[in-house]
Amino acid sequence: MSFLFNQSSGCVPRASPVEKKTFRLDCFRFTFQGCIDVVFKNYVLLIAIRVFRAPETVKGILSAASYLGMALTPFALHFFTKIYPLPNNRVIGLLLFIVAGAVILGLFSTHWFMFSLAIILAKILYKQTFPFVTDIYNRNYPKERRGRILGILFTILGIAGVFFAYFCGRLLDHSLSNYHWILLATALAALCSGYIFLRIPNGHMMTYNRDSFLRSNLSILFNDRLFTFVLCLWSLTSIAFQMTAPLRMEYLANQRYGFNLSNGDITLITVTIPMITRIGSAFFWGKFFDTQNLALMKITINGCYLLSIPLFFFTDHFLLWIFSAIVLGLGYSGNLTAWQLWVTKIVPSPEKLGIYMSLDVAIMGLRDALSAALGYFLLSRSISLQTVCIMAMLLIVASLIGFCFLLKNPRLR
């Protein structure tokens, strides 16, 4: 990646040894993270369903555990900065070691209760690393290259995730008892990620306001109006996305809509094509983040989300579904890059990054936990799928208009 680091000008400094070492280690870490993400997002639920026959309520909690973990990040930040302060890399390493232990506990579980409890704990603790990881990005990567570096790393994550997902699927197709090997590999990936974080050059501790725990977090929503406004606009798009995401599978797979697609075709449209598009466009979005206004980036992302809905839900043509999947993958890739780093642009000072990021992650967790079930709730109330999609489109349009008013805001550059 010499093209990324061997550049220096009046505004783009040559990469420091810290930056280069962090990037080298991150290349390995994102490979392991891709494996962990695939298992936590997909295969633990599949194991709970087909191996342990877990009850419906437990499966719902298991699915929402990551969102619950996001909502709890302010408490983790408070604990590791005021009660038991540790440098960022040691906090993340400790959390990942505990995650590995929880996964191993799930591996040896013989009942759905212990398995679910162990995996829920692992998913919650895994999400507690987010604010600390973002602080390391902010300190170790210069803002001029931060987006492009993350674009490369997310590409590595996506490629690792695709190959590991295929490997896990083949293992389970051969025998469901092979889930032990999948969980063992996940635990080893968490251990390796934790060890890599301990080697990343970052001995800083996250700074935190000395005011009370709730006051230091909630006061930001009232005092920083730009942050609150962007958060509200972002929430509108996220609610729309979470409302329609599970309905894509519903639309193609449910016989009431009259499509006789194979499982392979459904997987191609809903998983494979968006994932490949996400991998291919990650570096583009990273460069977009580095060089353009955040509002313009969100307008472009919202445009992708908006276009993908009618192309998918208001048509019955296979090629249009494929085109919708490509557009959706572009939007998702851009949103992933923007969400990981947008707080580093808007935060008024580096000392407040931890509070801003934890608040953002917590609100996202609460919001997505509710909105993920909203689409199915509306369908259960006899509201047509197309009506739900129109509601989602109106939310995206509202968000898009709001970001248009922020195009010239200097804090978003």
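Taking the conditions (1) assigned to a helix (DSSP H, G or I); (2) farther than 30 Å from D135 by Cα; (3) β-branched (V, I, T) in turn, T337 satisfies each one other than (2). Would you confirm, using the coordinates I've provided, whether T57 is modelled with pLDDT under 85 and either more than 25 Å from F154 (Cβ to Cβ) or not in a helix (DSSP H, G or I) (or both)? Against the criterion (modelled with pLDDT under 85 and either more than 25 Å from F154 (Cβ to Cβ) or not in a helix (DSSP H, G or I) (or both)), T57 qualifies.
In this structure, is R256 under 25 Å from L231 (Cα atoms) and either among the charged types (D, E, K, R) or touching a strand residue (DSSP E or B) at 6+ places or on another chain (Cβ under 8 Å) (or both)? Criteria not met by R256. From the set of residues in segment 214-245 that are farther than 18 Å from A338 by Cβ and surrounded by 15 or more Cβ atoms within 10 Å (Cβ to Cβ), which is modelled with the lowest pLDDT? Across segment 214-245, the extreme among qualifying residues is S216.
Of everything in segment 297-318 that's in a helix (DSSP H, G or I), out of contact with any helix residue (DSSP H, G or I) (no Cβ under 6 Å at 6 or more places or on another chain) and without any contact (Cβ under 8 Å) to a residue 60 or more places away in the chain, which residue is surrounded by the fewest Cβ atoms within 10 Å (Cβ to Cβ)? Going through the qualifying residues, I end up with F318. So which pairs qualify, if the first residue must be in segment 23-37 and more than 13 Å from Y195 (Cα to Cα), the second must be outside any helix (DSSP H, G or I), the Cβ gap must be under 9 Å, and the two must be at least 6 apart or on different chains? Pairs that qualify, where the first residue is more than 13 Å from Y195 (Cα to Cα) and the partner is outside any helix (DSSP H, G or I), are F23/M1; F23/A15; F23/Y141; C27/M1. Among the residues of segment 342-355, those that are under 22 Å from K82 (Cα atoms) and surrounded by fewer than 23 Cβ atoms within 10 Å (Cβ to Cβ) comprise V347, P348, S349, P350, E351, K352, L353.
One line per residue, one yes/no per condition, for (1) modelled with pLDDT under 85; (2) in contact with a Leu (Cβ under 6 Å, 6 or more places away or on another chain); (3) farther than 29 Å from P85 by Cα:
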{"residue": "Q128", "(1), (2), (3)": "no, yes, no"}
{"residue": "T134", "(1), (2), (3)": "no, no, no"}
{"residue": "F154", "(1), (2), (3)": "no, no, yes"}
{"residue": "Y195", "(1), (2), (3)": "no, no, no"}
{"residue": "M205", "(1), (2), (3)": "yes, no, no"}
{"residue": "N209", "(1), (2), (3)": "yes, no, no"}
{"residue": "S212", "(1), (2), (3)": "yes, no, no"}
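Name the single residue that is surrounded by the fewest Cβ atoms within 10 Å (Cβ to Cβ) among those in segment 142-178 being touching a helix residue (DSSP H, G or I) at 6+ places or on another chain (Cβ under 8 Å) and without any contact (Cβ under 8 Å) to a residue 60 or more places away in the chain. If we take residues in segment 142-178 being touching a helix residue (DSSP H, G or I) at 6+ places or on another chain (Cβ under 8 Å) and without any contact (Cβ under 8 Å) to a residue 60 or more places away in the chain, then N178 is surrounded by the fewest Cβ atoms within 10 Å (Cβ to Cβ). Would you say L400 is in a helix (DSSP H, G or I) and out of contact with any Cys (no Cβ under 7 Å at 6 or more places or on another chain)? Yes, satisfied. If the condition is being small (G, A, S) and free of Cβ contacts under 8 Å to residues at least 60 places away in the same chain, then segment 102-127 contributes A102, S109, A118.
Counting the residues of segment 360-389 that are farther than 12 Å from F241 by Cα, at pLDDT 80 or above and part of a helix (DSSP H, G or I) gives 10. Taking the stated definitions as given, is D360 under 24 Å from Y251 (Cα atoms) and assigned by TED's automatic domain parsing to the domain that holds G258? So D360 fails the test. Selection of segment 72-102 for residues being of a type in the set (A, V, I, L, M) and at pLDDT below 85 yields L77, I83.
Taken over segment 132-165, the residue count meeting the criterion of being more than 14 Å from M70 (Cβ to Cβ), hydroxyl-bearing (S, T, Y) and assigned to a helix (DSSP H, G or I) is 2. Just one of the numbered conditions (1) touching a Ser or Thr at 6+ places or on another chain (Cβ under 6 Å); (2) surrounded by fewer than 18 Cβ atoms within 10 Å (Cβ to Cβ) is not true of L77: (2). One residue stands out among those in segment 119-131 that are under 15 Å from the mean Cα position of the chain (by Cα) and outside any loop (DSSP other than H, G, I, E, B): the one that is nearest to I152 (Cα to Cα), which is F130.
The values are calculated or read from the model by the stated rules, or taken from the named source; none is laboratory data. All values reported here derive from a predicted model rather than from experimental measurement. Every residue, glycine as well, gets a Cβ built from its backbone with ideal geometry; the counts of neighbours run over all protein chains shown.
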